[in-house]
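For reference, the structure discussed in these notes is given below.
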Amino acid sequence: MKYLGRRSVSSFIKITLTILWWAGVVGMTAFTVGTVLILLIGPPKGVSPPPLMINTDFGRILFTNATVKDPRALFLAFMPFGAVMISIGLAIIYQLKKIFASLAAGSPFILENTKRIQRIALFIFSGAAIQFVAGQIIGKVLEANVVIKDVSFIVSRKPNLAALFFGLVILVLAEIFRQGATLKEEQDLTI
């Protein structure tokens with residue numbers, strides 16, 4: 001199996017990432033237009049908000065009798081966070097697409113890939129920080145606006161340590177790529 005160059009696993013991944021990126025751009029555009037329309041003219045007539053659902057590792061918890069005091073507040077809490085997280089995901093996919101384009105071209109150890117990997121790590125750190133802050137805000141909005149008899153919302157105060165760890169791992173990989181690119185440049189100059 002060929003991993004680098006034309007018609008390799010890298011070129012297949014590059015094509016897949018390109019499709020994902022364009023699908024994400026179209027999805028983000030639809031998300032943004034839909035959000036603006038809902039903010040300006042309200043939700044379509046006859047459409048009620050979906051029931052409150054919490055996803056867990058073991059399944060979903062559905063609260064069919066939840067009462068939402070101010071649906072607009074929930075919408076305004078969730079939508080900007082969703083837009084920012086989708087944008088960060090698209091930025092990561094874009095950087096990966098560029099990395100795999102260089103791999104498909106047969107040149108993985110270039111300095112630009114180091115910068116791309118560092119950007120991915122920074123996007124992951126940013127996403128973890130935004131997720132934490134947004135979780136606090138959304139949690140407070142849920143506490144204030146959702147009423148379910150005999151159920152209390154408790155906002156988590158823990159940051160996403162896994163994302164921070166993976167950001168650090170990716171920064172180490174960026175340094176490895178930087179050293180590899182430097183060695184390759186030195187080798188190219190000595191020939």
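Taking 0.36 nm per residue of separation and subtracting the current Cα-Cα distance, fully stretching the chain between residue 176 and residue 54 would add 39.9 nm.
Residues whose amide H lies under 5 Å from that of residue 5, counting only those 5 or more places away or on a different chain, are 104, 105, 106; hydrogens are built 1.01 Å from N in the peptide plane. Ordered from largest to smallest accessible area (heavy atoms of protein chains, 1.4 Å probe), the residues 1, 85 come out as 1, 85. Summarising the amide proton neighbourhood of residue 146: residues at separation of 5 or more, or on other chains, whose placed amide H is nearer than 5 Å comprise 69.
Report the paramagnetic label zone for residue 63: residues of the stretch 112-150 whose backbone N is under 20 Å from a point 7 Å from Cα along the Cα-to-Cβ axis. Residues 134-150 qualify, since their backbone N sits under 20 Å from the label point. Give the label of the value calculated from the structure for Cα extents along the principal axes in Å, choosing from [x] 75, 34, 31; [y] 65, 33, 32; [z] 62, 57, 32. Computed from the coordinates, Cα extents along the principal axes in Å corresponds to [x].
When you restrict to C-alpha pairs under 8 Å that are six or more residues apart and normalise by the size of the chain, the relative contact order lands at 27 percent. Taken over the C-alpha atoms, the stretch 27-80 has Rg and Dmax values of 13.2, 38 angstrom. Near residue 52, the amide H atoms lying under 5 Å from its own belong to 63, 66; only residues 5 or more places off or on other chains count, and H is placed 1.01 Å from N.
Just to confirm the filter: which trypsin sites (Lys or Arg not before Pro) across the stretch 1-32 are DSSP coil and have at most 16 other Cβ within 10 angstrom of their Cβ? Could you put the intermediate results ahead of the total?
Values: sites: 2, 6, 7, 14; in loops: 2, 6, 7.
For trypsin sites (Lys or Arg not before Pro) across the stretch 1-32 that sit outside H, G, I, E and B with at most 16 neighbouring Cβ atoms in 10 Å, the list reads 2, 6, 7.
The label-point distance for residue 162 and residue 140, in a model that sets each label 7 Å from Cα toward Cβ, rounds to 2.7 nm.
The values are calculated or read from the model by the stated rules, or taken from the named source; none is laboratory data. In this text, all values refer to a predicted model and were calculated from it rather than measured experimentally. FYI the Cβ positions are ideal-geometry reconstructions off the backbone, even for glycines, and counts take in every protein chain you see. Quick note on the areas: whole protein, heavy atoms, side chains included, nothing else; ligands and nucleic acids left out. Shrake-Rupley method; radii C 1.70, N 1.55, O 1.52, S 1.80 Å.
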